[in-house]
Amino acid sequence: MAELRRLLIAPDRLKPGENTVELEPKEQHYLRRVLRLRPGDGCAVVDGVGHLWTAQLIDGQRLSLARGVDHPCVAEPAPAPRLGLAVVGVRRGMDEVMRMACELGIDCIQPLTSQWRTPQAEDRPDRWQTILDEAVEQCERLWTPVLQPTVEVKAWWGALPDSHACALAATRQQAIPHLTDWLAGLDQPTKLNSPKQVWVTIGPEAGWSDHEQEEALRLGCGAVHLGNSILRSSTAAVSAATLLTTWLDARSS
């Protein structure tokens with residue numbers, strides 16, 4: 001049987017004790033015009049924080065949850081550790097970075113500015129949030145990635161909690177490990193065994209400045225490489241996301 005198409009609804013709109021949901025105009029359009037659902041047809045509702053309900057379209061403006069808000073069909077615990085991708089903004093390609101990071105399983109996305117950031121780099125948080133929401137519905141995730149406000153990279157590194165592990169993606173450096181080896185090192189008894197969040201930081205197209213790299217290392221980030229090729233920032237971000245989720249899948253099996 002085919003999986004029911006999903007609709008993401010913010011958790012603050014799902015009131016305890018209720019079994020119906022009022023649909024916003026864009027949701028009405030999506031269900032009736034895009035999915036072509038009719039009253040009585042079914043779909044699934046997710047809240048982006050681990051819960052899923054089966055639902056039925058009552059009319060053009062309301063959904064009925066099969067077991068009510070208090071009894072989701074699925075309740076998935078929060079990811080542990082959470083996977084984070086920090087990316088210095090690029091002129092083109094951030095939309096695809098957002099979509100693919102979500103589809104691959106990244107839990108938190110941090111847009112950054114840096115010394116050599118492209119002046120025309122995009123910073124479109126509302127659009128990016130829409131892309132993430134749509135990707136959650138499409139790829140059938142239960143947890144929506146957290147999109148953080150854009151900040152300056154050195155301030156962000158300085159604010160990382162000790163419980164977070166962070167790698168700095170670098171190029172043209174000798175004797176630094178591949179990201180895969182760095183991640184494997186997190187599982188060693190002498191290392192941080194259970195970081196709450198694991199980050200990879202991707203720099204701008206022009207690279208990190210010497211001062212930024214020195215500051216990152218001083219603040220505890222580990223320098224890593226992503227292979228022999230010099231990658232565009234958007235390509236590096238997707239490569240890092242893939243390696244992160246592959247590591248976590250193997251760690252959880």
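What fraction, in whole percent, of alpha-carbon pairs in the chain exceed 23 Å separation? Roughly 55 percent, once rounded to a whole number. Assuming charge only on the beta carbon of Lys and Arg (+1) and of Asp and Glu (-1), the dipole of the stretch 61-154 about its Cα centre is about 220 debye to the nearest 20. Axis angle, to the nearest 10 degrees, between helix 94-104 and the longest C-alpha principal axis of the chain: 70 degrees. In straight-distance terms, cross-link reach from K196 covers every one of the lysines whose alpha-carbon lies under 24 Å from its own, apart from those fewer than eight places away in the same chain; here that gives K154.
Counting Lys and Arg as +1 and Asp and Glu as -1, each charge on the Cβ, what is the dipole of the chain about the Cα centre in debye, to the nearest 20?
Numbers: 26 positive and 32 negative charges, 69 e Å.
Dipole of the chain, to the nearest 20 debye: 340 debye.
Between P25, P125, P111, the residue with the greatest mean-square fluctuation in the GNM of the chain (Cα pairs under 10 Å linked by springs) is P25. The value of relative contact order for the chain, using C-alpha pairs under 8 Å at least six residues apart, is 20 percent. Electrostatic bookkeeping for P16 treats Lys and Arg as +1 and Asp and Glu as -1; over the other residues with beta carbon under 15 Å from its beta carbon, the sum is -1. Considering only R92, R67, R36, the Gaussian network model of the chain with Cα springs below 10 Å gives its largest mean-square fluctuation to R36. For the stretch 210-253, backbone nitrogen atoms closer than 14 Å to the point 7 Å from Q188 Cα along Cα-to-C-beta are found at 222-223.
Taken over the Cα atoms of the stretch 6-75, the convex hull encloses 72 Å³ per residue.
Put a dot 7 Å past the Cα of A80, heading toward its Cβ, do the same for E18, and the two dots end up 3.2 nm apart. If you take all other residues with their beta carbon under 13 Å from the beta carbon of V69, and give Lys and Arg +1 and Asp and Glu -1, the sum is -2. Within a straight-line Cα-Cα reach of under 16 Å, K15 can be paired with the following aspartates and glutamates, leaving aside sequence neighbours fewer than 8 residues apart in one chain: E24, D47, D70. When only alpha carbons are used to place a centre, the stretch 1-35 and the stretch 143-170 end up 32 Å from one another. Within the same chain, aspartates and glutamates fewer than 8 places from K26 are excluded, and of the rest, those with a Cα less than 16 Å from its Cα are D59, D126, D133, E134, E137. Computed from label points 7 Å out along Cα-Cβ, the spacing between C139 and R124 is 1.9 nm.
Relative contact order for the stretch 52-186: 20 percent, from Cα pairs under 8 Å spaced at least 6 residues apart, divided by residue count. Sites listed here are trypsin sites (Lys or Arg not before Pro) in the stretch 125-185 whose DSSP assignment is loop and whose Cβ has at most 16 other Cβ atoms within 10 Å: R172. Considering helices alone, the calculated mean residue ellipticity of the chain at 222 nm is -8500 deg cm²/dmol, with DSSP H runs of length four and up weighted by -39500 (n - 2.57) and normalised per residue.
Label reach from Q28 (point 7 Å along Cα→C-beta): in the stretch 42-58, amide nitrogens under 17 Å belong to 57-58.
Read-outs throughout are calculated quantities, based only on the coordinates presented, and are distinct from any laboratory measurement. Everything numeric here is computed off the predicted structure, so don't read it as measured data. Note that we place each Cβ from the backbone using ideal geometry, even for glycine, and neighbour counts take in every protein chain shown.
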